[in-house]
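Asker: One structure follows; several queries about it will come next.
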Amino acid sequence: MTPIQTEPIEKIARIQWLELQKQLLYLQKNSKFYKQLFKVHNVDVSEIKTEADLKRIPITTKEDLQQYNEDFLCVPHEDVIDHVTTSGTLGNPVNFLLNEADLERLAINEMQSFKIAGILKGDKVQITTTLDRRFIAGMAYFLGLRKLGAGIIRTGSGLPHLQWDSIERFKPNYLVAVPSFLLKMIEYAVLNGIDYKNSSVKAAICIGEPLRDQNFELNALGKKITELWEIDLFSTYASTEMATAFTECEHHTGNHIQPELVYTEVLDETGNPVKMGEIGELVVTTLQVQTMPLLRFATGDLVSYTNELCKCGRNTLRLSPVLGRKKQHIKYKGTSLYPQHIIDVIVEFNTISNFVVIVQKDETEMDLLLVKISNSLSDLEQEQLNQHFQTRLHVIPKIEMVSNSEINSLKNPLGSRKPISFLDLRE
């Protein structure tokens, strides 16, 4: 357990604020983008003493990072040793660079993240995500596990046969995996007579998709996995820009922040902090980052938080799973929705094996919601699905039955590092 996380709340806050002030001075000295921002808005970083003072600094957006990418660089180009890009979920991927110190910080971050989930030296962890394709997370998992001293099996993404062969050969007790891929592994095991329920795997560190709802209960996807395979599932949340992970402990009541590595704000539409339990946009300031530090960076992700004490003994703020993205808000027939609401309903229905959710504008510029599924539903099954949507969401999207190959081509666009279950075609 990391010492700072178990320190008194007041001490954690002091340490975090000290790191924040160090980063402000670093940006003032080294960042072309933030020097200009401070000048335009008459900000003297030495006068930022409180959270109220911090609000004088404007939010940094993903568009800023895209448009002025080079201006965020704070070290000489020759010091950069790792070149990655963001996933591009809400637009074109953005370049992100790291020097040696940042890779070391990344390793420490992920080591601490794995420790929060209970992984120890001597455990064996199978990484079922890519380490290539300019993907920072795969590298982070490897570096963190290496620093922790755990055994590592690098299978990469996909290939259920290789995953099960590696489990049989090396006996990992943890997987790092996208939750929906765990379902594919289970399906493959059932079809090929693999006794997956008695494998060495006892838990999975899950990335890329939410497993829980705002009340920290397993959502439809999480329930479906654990009903089929009695393993422990740990939620995590991270992004390339943050280079920091938020991870569940064994009590599964929110993702613990690492306060010495990131400063977090959860803000409403007017830029004011929300109260505990309320939903707002996560805004982060990266701490101890040298190459491309970000100050008050709007992630676009909607979360809530709790600062109630955790049974694990850590006195850190905890975030809910991502409840939606700010730009992915859907207003359909008068009802406010986020993609995860629709995905949960489809997963709950149980008989739909492959699908993609699409939102676009109709001829009146209203949101039009379409769900493409690979199944051929009978009239009765389609009526049951419609009733399920009506009961859960109070609206029924348009359902279209298409080929499995068409859905797979939509879910895996050229250059994408992960399957996409939601397509926003409104722009």
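The values are calculated or read from the model by the stated rules, or taken from the named source; none is laboratory data. Not measured: the values here are computed from a predicted model. FYI the Cβ positions are ideal-geometry reconstructions off the backbone, even for glycines, and counts take in every protein chain you see. Each accessible area value is taken on the protein alone, full model and side chains, heavy atoms only, with ligands, DNA and RNA left out. Shrake-Rupley method; radii C 1.70, N 1.55, O 1.52, S 1.80 Å.
Asker: Specify the inter-centroid distance of region 61-130 and region 357-427, based on alpha-carbon positions, in whole Å.
Answerer: 32 Å
Asker: In percent, what relative contact order does region 18-163 have, based on Cα pairs under 8 Å that are 6 or more apart in sequence?
Answerer: This gives 17 percent for region 18-163.
Asker: Considering the options 405, 421, 395, tell which one lies farthest towards the positive end of the dipole of region 386-427, charges being +1 on Lys and Arg and -1 on Asp and Glu at the Cβ, about the Cα centre.
Answerer: Value: 421.
Asker: Could you work out what % of the accessible surface of region 1-113 is carbon and sulfur, using a 1.4 angstrom probe and leaving DNA, RNA and ligands out of the count?
Answerer: On region 1-113, the fraction of accessible area on carbon and sulfur atoms equals 53 percent.
Asker: If we sort 349-362, 185-198, 95-108 on the protection proxy, mean other Cβ atoms within 10 Å, highest first, what's the order?
Answerer: Ranked from most to least packed, the peptides come out as 95-108, 349-362, 185-198.
Asker: Size of the dipole of region 217-321 about the Cα centre, Lys and Arg at +1 and Asp and Glu at -1 on the beta carbon, nothing else charged, in debye to 20?
Answerer: Magnitude of the dipole: close to 160 debye.
Asker: Ranking request for peptides 370-381, 45-56: highest mean number of other beta-carbon atoms within 10 Å first, then the rest in descending order.
Answerer: 370-381, 45-56
Asker: Check residue 317: other-chain or 5+ apart residues with amide H under 5 Å from its amide H, H built from backbone geometry?
Answerer: Amide H to amide H, under 5 Å and 5 or more residues apart or across chains, residue 317 pairs with 257.
Asker: Could you let me know the centre-to-centre spacing of region 264-334 and region 168-195, using Cα atoms, in angstrom?
Answerer: If you average the Cα positions of each part, the centres end up 32 Å apart.
Asker: Here's something else I'd like to know. Sequence neighbours fewer than 8 away in the same chain don't count; with that in mind, list the lysines whose C-alpha is under 25 Å from residue 49.
Answerer: 11, 22, 29, 32, 35, 39, 275
Asker: Okay, moving on. For the ranges 143-150, 68-75, 109-116, what's the packing order if you count other beta-carbon atoms within 10 Å of each residue, average per peptide, and put the highest first?
Answerer: Those peptides, ordered most packed to least, come out 109-116, 143-150, 68-75.
Asker: Follow-up question, since we're still on this one. Considering the dipole of the chain built from charges on the beta carbon (Lys and Arg +1, Asp and Glu -1) around the Cα centre, which of 243, 117, 148 is farthest to its positive end?
Answerer: 148
Asker: In nanometres, what is the gap between the two model label sites at residue 409 and residue 272, each 7 Å from Cα along Cα-to-Cβ?
Answerer: 5.1 nm
Asker: Explain nothing, just the number: dipole magnitude of region 1-154 about its Cα centre with +1 on each Lys and Arg Cβ and -1 on each Asp and Glu Cβ, in debye rounded to the nearest 20.
Answerer: Approximately 340 debye in magnitude.
Asker: Next up: Check residue 422: other-chain or 5+ apart residues with amide H under 5 Å from its amide H, H built from backbone geometry?
Answerer: Result for residue 422 returns 357.
Asker: Now for a separate question. Past 27 Å, Cα to Cα: identify those pairs from 124/411; 62/331; 147/171, in the order given.
Answerer: In this structure, 124/411 exceed 27 Å between Cα atoms.
Asker: Return, ordered by residue number, the residues of region 130-152 whose backbone nitrogen is under 19 Å from a label point located 7 Å along Cα→Cβ of residue 121.
Answerer: In region 130-152, the label zone of residue 121 (backbone N under 19 Å from the point 7 Å along Cα→Cβ) covers 142-152.
Asker: At 0.36 nm per residue, and after removing the present C-alpha to C-alpha distance, how many nm does the segment from residue 425 to residue 168 gain when stretched out fully?
Answerer: So the extension gain works out to 88.2 nm.
Asker: Using a simple charge model, +1 on the beta-carbon of Lys and Arg, -1 on the beta-carbon of Asp and Glu, nothing else, what dipole does the chain show about its Cα centre, in debye to the nearest 20?
Answerer: With Lys and Arg at +1 and Asp and Glu at -1, about 720 debye.
Asker: I need the shape label for region 256-330. Rule: rounded when a/c is under 1.5, else prolate if a/b > b/c, else oblate, with a, b, c from the alpha carbon gyration tensor.
Answerer: Judged from the Cα gyration tensor, region 256-330 comes out oblate (a/c at least 1.5, b/c at or above a/b).
Asker: Which of the three applies to region 1-107, rounded, prolate or oblate, going by the alpha-carbon gyration tensor with a ≥ b ≥ c and a/c under 1.5 meaning rounded?
Answerer: oblate
Asker: Based on DSSP, what percent of beta bridges with both residues in the chain are antiparallel, to the nearest 5?
Answerer: Looking only at bridges with both residues in the chain, the antiparallel portion is about 65 percent.
Asker: In nanometres, what is the gap between the two model label sites at residue 104 and residue 39, each 7 Å from Cα along Cα-to-Cβ?
Answerer: About 3.3 nm separates the two model spin labels.
Asker: Along the charge dipole of the chain, which of 334, 356, 298 sits closest to the positive end, that is, farthest toward it, with unit charges on the beta carbon of Lys, Arg, Asp and Glu (+1, +1, -1, -1)?
Answerer: Most positive-ward Cα: 298.
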